[in-house]
Each structure stands twice: as C-alpha cells, then as structure tokens.
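Here the structure comes first, spelled out in structure tokens, and everything after it is commentary.
The numbers here are math on the coordinates, done by the rules we state, and not lab data. From a predicted model like this one, the values you see are computed outputs, not experimental measurements. For neighbour counting, all protein chains shown are included, and Cβ atoms are generated from backbone atoms with ideal geometry for every residue, glycine included.
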Amino acid sequence: MPKLKINGMLIEVEKGTSVLQAAEMLGVEIPRFCYHDKLSVPANCRMCLVELKNAPKPVASCAIEAGEGMDITTNSEMIQKARKGVMEMMLINHPLDCPICDQGGECDLQDQSYGYGFDRSRYQETKRAVKDKDIGPLIKTVMTRCIQCTRCIRFGEEIAGTADLGLLNRGEDVEIGTFVEKAVSSELSGNMIDICPVGALTSKPYAFTARPWELKKTETIDVHDAVGSNIRVDTKGGEVMRILPRLHEGVNEEWISDKTRFAYDGLKKNRLDVPYVRSKTTGKLEKAKWSEALTSVAEAMRATSPDKIAAFSGDLADVDSVVALKDLMISLGSPHIECRTDGMRIDPSTRAGYIFNSGIAGIEEADSLLLIGTNPKMEAALVNARIRKTWLNKRLPISLIGEPVDLPYPYEHLGTTAQDIEKYTVKDSQKPMIIVGDQIFSRTDALALHAVCRDLAEKIGCIQDDWNGFNVLHRHAGRVGALDVGFVSAAPIKTEEMDVVYLLNSDEENIINNCNKNAFVIYQGHHGDLGAHRADVILPAATYTEKNALYVNTEGRVQMTRQAVFPVGEAKEDWKIIRALSEELGKTLPYNSLLALRARITEEWAHFAEIDVCPQEEWGQFGVTGVLLKSGFKNTIDHYYMTNVICRASKTMRACVDKFYPKKTKTKIKKAA
Amino acid sequence: MKPKFEPNADYQPKDFSFKSQKKVKDILANYPSNQARSGIMPLLDLAQRQEGWISRVAMDCIAEAVGQPPIKVYEVATFYTMYNLAPVGKYLVQLCTTTPCWLCGSAAIIEAVETHLEIKVGESTKDGLFTLLEVECLGACVNAPMVQINDNYYEDLTAESIVSILTALAAGKKPSIGSQTKRVGSMALSGPTSLEKQAKKAGVGS
Ligand code: SF4
Ligand code: FES
Ligand code: FES
C-alpha cells in the first residue's frame with residue numbers, strides 16, 4: 001500500500017487509489033469537472049491539476065495513481081495559476097448566463113469559478129454558440145453552456161447502457177449530441193441532469209420554477225417501485241418542486257429512475273382532496289364531510305356479516321395503515337384481507353422466500369446470474385443498473401428464463417417456461433444468484449413455481465452460510481411490508497361474493513372488475529383513478545410525500561418516508577383514517593399516535609424496529625411441490641412510465657409514453673368520478 | 001473547411017452496402033473479436049474509397065459490423081478531417097495555403113484553379129468532377145506550393161501546371177505526380193547544399 005504526502009500530510013492508501021481520492025480522504029479539496037466517482041476517468045477538463053515534486057509540469061490528480069513516496073502540493077502558487085488558467089479557458093466559450101440558468105446556485109462551474117477563477121474576463125472575441133438538442137421530454141439542453149466534460153456520455157455508456165450521446169466534431173466545433181436528434185431513452189436518463197456539472201442539461205419539467213436556495217429539503221424514500229430509492233424531496237410553499245437522489249450505496253447508489261424523479265407532477269393532479277359519498281338518489285359521487293363519509297362506511301360495515309367484508313391493500317400502501325387495517329378487520333371478525341391484489345400466490349410463510357436476500361449491493365458479489373420471468377429494466381431500473389455494473393466489472397454469465405427483453409448486457413435466453421427452470425445448471429460458480437420476478441407468482445401454479453425456484457437455489461448452491469443468492473424482485477413498494485405483517489388470506493378471496501370491499505390504495509383492475517355490482521366499495525387513497533371510480537365512499541388520503549410512513553423494499557429493508565408537504569385539502573394520513581373509522585365502528589384501535597402504532601408493530605414484528613438494515617433471513621421451507629403449467633412466463637409491465645396512480649396522473653410521464661412508446665399509447669387515464 | 005456531417009440532409013442515401021464483403025472481413029480479422037471497434041477507421045476508409053464520401057447509412061452499417069452503437073462511429077468520423085462526410089467530386093482538390101506554400105505563391109494557384117474550374121473554394125463543378133478545398137499544411141512544404149488530388153500530391157506548382165493537371169484529369173489522363181518541375185529529392189532550387197557526394201552519385205544536381 002503506497003504512502004504519499006499531500007500538502008505535507010502523510011497518508012497510506014489502497015493500491016489503485018488516485019491522488020485526487022487520496023486528497024479527498026485527507027479533506028484536501030481539489031476542484032474537478034470531468035471526474036465522477038462512479039464513472040471512468042477521461043481526465044479531459046484539467047481542473048484537478050496538482051504539483052508533483054520532481055515532475056516537470058502540473059499533473060491531473062484524477063488520473064494519476066497514488067505512488068509510494070509521492071510528494072503532492074495542491075495549494076502552491078503554480079497550482080493556483082494553473083487553475084486560474086484552466087478556469088479562464090473553460091469560460092472563454094461559456095455564455096456566463098447564470099441569471100437565466102436553472103443550475104444557478106448549485107453549479108460546479110459557478111462555484112469553482114468563484115473559488116478559483118478570475119473576477120473578470122480578458123476575452124474580447126466572439127463566443128461560439130452551439131445549437132440545443134432535443135433529447136426528449138425530460139432533459140432540457142442549453143448546449144452553449146456545455147464544457148465537454150463528457151460525464152453525460154460516460155453515464156449513458158457505463159451506467160445506463162444506452163450509448164445515445166457522443167462527442168462530435170473537434171476543436172472549436174466540438175459538441176455533445178445524438179446527431180440523429182434522438183430522444184435519450186433510458187429509465188435512468190434523469191441522472192444526467194445531476195451529473196452535468198453545469199447548466200447544459202437541466203430538468204425540463206422543473207425549468208424556471210424555483211431556485212435551489214428557496215427550497216425546503218426533506219430526506220425521504222421513493223415508492224414508485226420496490227427498490228426504495230433514497231430521495232430528497234424539494235418543496236416550496238407546500239408544493240413538491242422536484243425530486244433528487246440521495247446517496248445510499250446499498251440501494252440506489254446515487255442514481256434514481258426517471259419515474260422516481262419526474263412523476264411528482266402527478267402528486268398535484270387528479271387528487272382526492274375531500275371525502276365523497278355516492279348519493280342514494282342520484283347515484284353520483286358527491287362531496288361530503290369526513291363525519292358523513294365515516295358514518296356511511298361504518299353503517300355499511302355494521303350491516304354486513306364479517307365474512308362478507310374484504311379488505312385489499314394496494315401497491316402504494318404503507319405498513320402503518322396496513323397493520324391498522326388488519327387490526328380493524330380482525331376486530332370485525334373478517335378473515336378476508338389480501339395485499340397480493342394482482343392475484344399473486346407467493347408463499348409468505350418464510351421471509352427468505354419472498355425477499356431479495358442478497359441485497360441489491362449483493363449483486364456485485366455474484367459470479368453468475370439467472371433471471372426468471374422478470375424484466376429488471378422496467379421493474380426496478382436500479383437493480384438493472386447494478387446488474388450492468390457487475391457485468392461490466394466481471395462479465396459474469398447471465399441467463400434469462402422468460403419473455404426475452406432488451407437489457408443493457410448480454411444474456412443467454414434459456415427458454416420461457418417453468419420446465420426450463422428445472423434444467424438450469426451453472427458451472428464453477430462460487431456465488432450463484434437467481435432473481436425471480438414476483439409476477440410469475442400470479443399464475444395458478446404459483447406455489448409449485450415457488451418450490452421449483454427454491455429447489456433450484458439449493459441445487460446450484462445459492463444457499464451457503466455466508467451467501468444467499470435467492471432473490472425475489474418485487475414491483476410494488478407496498479408489497480413486501482404487507483407480506484411481512486401477514487396481510488394475506490390463506491385461500492384466494494372470492495371478491496365477487498363480498499358485500500363490502502375496502503380498497504386501501506388499491507387500484508387493480510382485476511379486483512375492481514370482480515367486485516359484485518351491489519357491493520359497497522370503500523376507496524381510501526390519494527388519486528381519482530380506477531378505485532375511486534368504482535367507490536361508493538372515497539376517503540382521501542396522503543401520498544408518500546405527505547406522510548411519515550414505513551415501507552419495506554424488495555430486499556426486506558425497512559425504510560421511512562418523511563412528510564415533506566401537508567396532505568392536500570382534507571386528505572389525511574392513512575393510518576389516522578382507519579383509526580377514526582374504528583372509533584366510528586365502536587371498535588377503537590388501541591393506538592392514538594404514530595409512536596403507539598409503531599410500538600404495536602415492532603412488538604409483533606421486531607424487524608420493523610431496525611430501520612434501513614438489509615436483513616439476513618434464515619433459509620426455510622416454502623412453496624409446495626406440484627404440477628407446473630406448460631405455458632411461458634409473461635411480463636406485465638409494458639409501459640415503464642405508467643405503473644401506478646401517481647404516474648398515471650403525471651403529465652410528464654404521459655409525455656414520455658407518447659415519446660418512447662409512440663405506437664401503443666392506449667392506456668387510458670381514468671378521471672375521478 | 002469541409003462541409004459538416006448533416007445526417008438528415010437530402011443528399012443522404014437510403015442504403016449502403018460494401019461491395020466487397022471480403023475486404024470487410026479481412027479488415028475485421030486484424031483485430032481481436034472483442035476489440036472489433038478498432039476496425040471503425042479502416043472501414044470508414046473503405047467506404048470512402050467505394051463511394052468517394054461516407055454517408056450516414058454507411059456509418060450505421062459500419063457500426064453494425066463492429067457491434068457498436070452508431071454514435072461511436074459518428075464520433076470517429078467527425079473527428080478526422082480526411083473523411084468526407086458530404087458528397088465530393090470525382091477529384092477532391094485540396095490546396096495547401098499554409099505559410100510556406102503561401103510564401104511560394106499558393107494564392108495564385110487558388111486563383112488559377114478558381115478561374116479554370118469556375119468555382120470558389122468549397123464548391124464543386126457542375127459536372128461533378130472536381131471539388132475544391134483549401135487545407136492546412138500537408139507536409140510537403142519543401143516542394144511548395146502543392147496540392148493533393150485524391151491520393152496524390154502534385155508539387156512545385158505554377159498557375160500553368162495546375163491548369164494542365166486539371167485538364168489532363170478531366171480528360172481521363174494520368175498527369176505525372178510529385179514535383180512538376182522534375183525536382184529530385186526535394187533538394188534546394190540552386191542544387192544540393194548537403195549530401196553532395198550522394199547527389200552526384202545519383203546523378204542529380206551539379
Ligand atoms: S452536457 Fe454537461 S455532462 Fe455532458 S459533457 Fe457537457 S457539461 Fe459535461
Ligand atoms: S477532474 Fe481531473 S482532468 Fe478533469
Ligand atoms: S505549407 Fe503547404 S505543404 Fe506545408
């Protein structure tokens with residue numbers, strides 16, 4: 001391990017560390033533009049110059065490896081001059097239009113020119129101008145501001161796996177472009193906005209809506225998929241202005257998917273802001289007071305025998321409200337509760353059987369990978385990015401059983417049926433991994449499939465003392481948590497026979513269409529979508545940005561959302577609504593505050609006390625050996641941008657569908673009744 | 001300056017294929033299969049030799065041959081100035097006007113060409129035979145002024161000799177290449193000033 005001196009301070013670093021990284025460890029700041037921790041090092045901006053003793057000229061610290069006995073100076077006069085020079089060159093062709101630039105206030109170029117540049121320009125000649133590029137509905141480009149650091153190109157190539165951008169022409173004519181004016185199509189494209197150190201790539205939906213210093217920042221998590229990406233919600237005056245990623249090496253590193261980032265305008269559209277009750281006379285939904293709505297729900301429930309009442313929790317339901325609803329249903333005496341609203345029959349008896357055991361970061365340890373019935377690109381773009389990263393690092397063999405899909409790494413397609421799973425073998429793999437898409441368990445042979453996957457995991461060595469490579473990839477943020485707290489019924493619920501149906505954030509077509517015509521349907525949720533459309537009573541609730549709630553991601557990691565803004569109108573936090581209803585029913589739930597509810601939850605399920613821990617679950621029995629269907633697996637998500645009520649209300653997501661799926665834009669956005 | 005790459009221009013053809021698949025194979029065989037992208041430059045050259053210039057479809061075709069996204073080929077093609085990214089005449093006349101050539105009278109050469117072909121720098125003749133470009137030093141300053149026409153250099157030009165070269169080319173003849181004044185070994189006009197013995201032995205100079 002080389003020892004070197006930086007500004008007179010001695011440090012010993014791992015071999016392969018760059019001088020810039022070593023300096024960072026010492027807290028010595030080195031300005032940079034092109035260098036980014038997660039990307040390759042092109043060393044083209046020259047901002048990171050440092051003085052190396054006995055070297056004839058300054059060296060680029062990002063690209064030079066720390067060597068034994070190096071003596072580095074970062075604050076000499078020579079370096080200050082060098083930085084000034086680089087800064088000056090960089091600004092020669094930069095428009096200096098900070099007052100009308102959205103990056104202003106959080107711009108590397110602005111900050112570094114303030115810190116290291118001249119306070120005036122000596123450049124008299126005309127500046128060059130570069131034509132802006134149209135690269136889709138998400139990213140706004142002002143290419144004259146580009147400093148050609150090539151981070152965006154490297155991001156596309158290395159992380160997203162879609163090489164759409166390139167550096168064209170040369171010298172003064174050089175520009176970033178797609179040439180063929182092609183929209184940058186990647187589920188991760190929004191991250192280019194974050195990594196662009198200047199205002200060349202900015203967010204189109206956010207354009208000119210706020211300045212960074214006016215924003216209130218709330219650190220929370222995302223619920224658009226089961227990854228549970230760590231995000232920061234920026235708000236102004238009670239409105240969500242934008243969503244940015246937060247660094248979490250275990251989950252999302254520093255990326256988020258486009259849905260997470262851009263669907264926030266859906267939080268403001270099509271919202272249920274007051275309770276509605278369907279009028280007995282007109283048959284139409286009419287605005288009501290909370291007390292009226294709750295009374296009519298309570299009346300309907302009281303008038304119905306418990307075994308005719310069912311409750312479903314949907315994709316976005318949080319653990320707190322699911323537990324409250326479960327407690328309420330138990331006190332009513334109804335056994336009909338279900339979170340697997342897509343008809344999924346995965347066996348929830350062993351936790352290791354339905355979570356992503358290795359953890360998302362664990363993918364990087366795997367040395368072979370089998371994907372079963374999943375399209376990670378659509379279902380969990382960040383899991384997909386991890387797979388790609390791993391593939392880039394060690395070219396592990398990847399196979400797929402299921403519908404063939406377009407993935408940013410090569411894979412061997414081994415078939416589409418359950419029978420192909422049994423045939424799978426892998427050679428010389430110390431840490432084999434299987435990723436099973438949760439959607440395959442929506443088939444009637446779910447339990448048998450579960451058992452087959454389990455057997456395969458054992459057969460190929462996924463289960464070792466310090467390695468569990470059996471992973472289930474969920475699509476919905478609400479699912480794992482609800483499975484954890486046992487919001488399931490032993491046998492499928494006969495929805496059509498139910499007289500009262502309680503939909504907690506549940507907008508699944510198959511449930512709603514199965515409801516009896518005369519059934520009394522209660523919809524608790526935040527958007528006027530399918531569920532609200534069918535409902536007899538609507539109880540308006542809070543979205544994930546409006547409540548403090550527990551969610552469990554596909555890894556089984558318990559995380560918490562934090563309230564960034566208040567619920568719209570009269571909407572309330574979900575668990576409170578259920579608590580109020582229980583009081584109305586005369587079966588008051590024994591908790592009066594979120595703390596008391598959390599205490600109730602952790603008492604029964606201890607793992608909810610451990611926030612943000614990737615669990616190590618015991619392996620066990622699950623699934624039931626049985627007959628497997630012969631038909632092939634199908635992927636359910638064909639519109640990445642339209643997977644839940646929030647995205648469906650989002651104009652930005654709609655624009656993406658129009659742009660990226662021009663042919664099949666048939667998904668209708670149903671209006672609230 | 002050469003015209004820039006305009007991927008959506010009207011002149012872009014709809015399709016392209018290499019006439020000789022064997023040549024493509026031979027080029028790719030020079031590189032290990034996981035380094036096929038190294039073949040981009042020779043393939044661009046092959047395409048240019050076939051068509052005289054490189055169209056967007058040709059680049060897409062090359063991208064496919066080397067298993068890279070098209071943008072990677074565009075990047076390379078637009079970086080190097082010797083690739084023609086827009087149609088050019090049968091003869092690409094690249095006249096050097098950098099300082100040594102200019103000192104030796106390149107301005108008069110340009111003028112002679114412009115009058116003879118009735119085009120300006122950057123234009124092509126109507127019959128599609130000639131395209132005239134002004135370029136920077138081509139490394140033959142010793143025999144300035146000079147011009148490169150397709151793969152050949154013509155040096156020690158005068159207004160008359162360049163016109164006769166162009167006339168000969170237009171007539172389908174092959175004018176002699178290199179020094180038009182029959183200067184040998186790029187020696188000084190007044191005869192050899194060094195290596196005199198060797199010059200004598202070779203029978204040149206005095
Ligand atoms: S657009 Fe931004 S990220 Fe891309 S090269 Fe230019 S400055 Fe860098
Ligand atoms: S950060 Fe080192 S050269 Fe750009
Ligand atoms: S200056 Fe004309 S060839 Fe060098």
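Could you line up A:Phe155, A:Phe622 from fewest to most neighbouring Cβ atoms inside 10 Å? Each step should come with its number before you reach the end.
Details: A:Phe155 24, A:Phe622 19.
The order, fewest Cβ neighbours first, is A:Phe622, A:Phe155.
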Quiz prompt | Potential extension, A:Ala609-A:Ala207 segment - 0.36 nm per residue separation minus Cα distance | solution = 140.7 nm
Quiz item: Hey, with R₀ at 45 Å, roughly what FRET efficiency would B:Lys19 and A:Gln419 work out to, going by the Cβ-Cβ distance, to 0.05?
Solution: 0.40
Practice problem: Run the quick spin-label model on A:Lys634 and A:Ile100: label points 7 Å from Cα toward the beta carbon, then report their separation in nm to one decimal. | Solution: 5.2 nm
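With contacts defined as alpha carbon pairs under 8 Å and 6 or more residues apart, what's the relative contact order of chain A in percent? Present the calculation step by step, with values, prior to reporting the outcome.
Working: 1460 pairs, mean separation 100.6, N = 673.
It rounds to 15 percent for chain A.
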Practice problem: Report the GluC sites (Glu not before Pro) located in the range B:53-118 that are in a DSSP loop and have at most 14 other Cβ atoms inside 10 Å of their Cβ, or state none. | Solution: B:Glu118
Quiz prompt | In nm, spacing of pseudo-spin labels at B:Leu103 and A:Asp406 (7 Å Cα→C-beta vector) | solution = 5.8 nm
Practice problem: For chain A, give the share of DSSP beta bridges that are antiparallel, in percent and rounded to the nearest 5; count only bridges with both residues there. | Solution: 55 percent
Exercise. Compute the acute angle (0 to 90°) between the alpha-carbon long axis of helix A:446-459 and the principal axis of greatest extent of the alpha-carbon atoms of chain A; round to the nearest 10°.
Key: 40 degrees
Quiz item: Which distance in Å, rounded to a whole number, links the C-alpha centroids of the range B:144-206 and the range B:23-65?
Solution: 34 Å
Quiz item: Are there cysteines in chain B with no second cysteine's Cβ under 4.7 Å away, and if so, which?
Solution: B:Cys61, B:Cys104, B:Cys137, B:Cys141
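Compute the relative contact order of the range B:91-179 as a whole-number percentage, counting only Cα pairs closer than 8 Å that sit 6 or more residues apart in sequence. If you can, show how the numbers build up before the last one.
Values: 144 pairs, mean separation 30.3, N = 89.
For the range B:91-179, the relative contact order is 34 percent.
Just for the range B:91-179, what percent of DSSP beta bridges are antiparallel, to the closest 5?
Values: 7 of 15 bridges.
Beta bridges within the range B:91-179, antiparallel portion: roughly 45 percent.
With n ≥ 4 as the cut-off for DSSP H runs, can you work out [θ] at 222 nm for the protein assembly as shown, using -39500 (n - 2.57) per run divided by the number of residues, rounded to the nearest 500? Before the final figure, lay out the partial values.
Numbers: 27 runs with 242 residues, N = 879.
So the calculated ellipticity at 222 nm is -8000 deg cm²/dmol.
What full-extension length gain, to one decimal in nm, is calculated for A:Leu10 and A:Lys517 as 0.36 nm per residue of separation minus the Cα-Cα distance? Each step should come with its number before you reach the end.
Values: separation 507, 0.36 × 507 = 182.52 nm, distance 7.67 nm.
Result for the pair: 174.8 nm of gain on full extension.
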Quiz prompt | Fraction in percent of alpha-carbon pairs per bin - 10 Å, the range B:21-79 | solution = 25, 62, 13
Practice problem: Please give, to one decimal in nm, the separation of the simple spin-label points placed at A:Ser291 and B:Val204, each 7 Å out from Cα toward the Cβ. | Solution: 11.2 nm
Exercise. For chain A, go through all pairs of different Cα atoms, get the mean of 1/r, take its inverse, and jot down that Kirkwood value in Å.
Key: 27.0 Å
Quiz prompt | Exposed-loop-free span, longest in chain A, where GluC sites (Glu not before Pro) count as exposed if DSSP calls them loop and at most 16 other C-beta atoms lie within 10 Å | solution = A:250-569
Exercise. Taking DSSP loops as anything outside H, G, I, E and B, show the longest stretch in chain B free of trypsin sites (Lys or Arg not before Pro) there with at most 16 other beta carbons within 10 Å.
Key: B:20-89
Exercise. Could you work out how far helix A:574-584 tilts from the main Cα principal axis of chain A, as a 0 to 90 degree angle to the nearest 10?
Key: 20 degrees
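Estimate the FRET efficiency between A:Tyr123 and A:Arg562 by the formula 1/(1 + (r/R0)^6), using the beta-carbon distance for r and 45 Å for R0, to the nearest 0.05. Could the numbers behind the result be given before it?
Numbers: r = 47 Å, r/R0 = 1.04.
The formula returns an efficiency of 0.45 here.
Given the Cα atoms of chain B, and with Rh set as the inverse mean 1/r over their pairs in the Kirkwood sense, what is Rg to Rh to two decimals? Provide the component values of the computation, followed by the final result.
Values: Rg = 20.1 Å, Rh = 19.1 Å.
Dividing the radius of gyration by the Kirkwood radius yields 1.05.
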Quiz prompt | Simple Cβ-charge dipole of the protein assembly as shown, Lys/Arg +1 and Asp/Glu -1, about Cα centre, in debye nearest 20 | solution = 1720 debye
Quiz item: Roughly what angle does helix A:290-302 make with the longest principal axis of chain A, taking Cα atoms, 0 to 90 degrees, to the nearest 10?
Solution: 50 degrees
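As an exercise, use a Förster radius of 22 Å and the Cβ-Cβ distance of A:Glu364 and A:Met1 to find the FRET efficiency, rounded to the nearest 0.05. Can you show the working numbers first?
Working: r = 23 Å, r/R0 = 1.03.
After rounding, the FRET efficiency stands at 0.45.
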Quiz prompt | the range B:21-79, dipole about Cα centre (Lys/Arg Cβ +1, Asp/Glu Cβ -1), debye to the nearest 20 | solution = 120 debye
Quiz item: Which of the residue pairs A:Lys289/A:Lys547; A:Lys5/A:Lys57; A:Lys259/A:Lys431 have a Cα-Cα distance greater than 27 Å in the structure shown?
Solution: A:Lys259/A:Lys431
Exercise. Measure out, as a whole number of angstrom, how far apart the alpha-carbon centroids of the range A:429-477 and the range A:181-232 sit.
Key: 33 Å
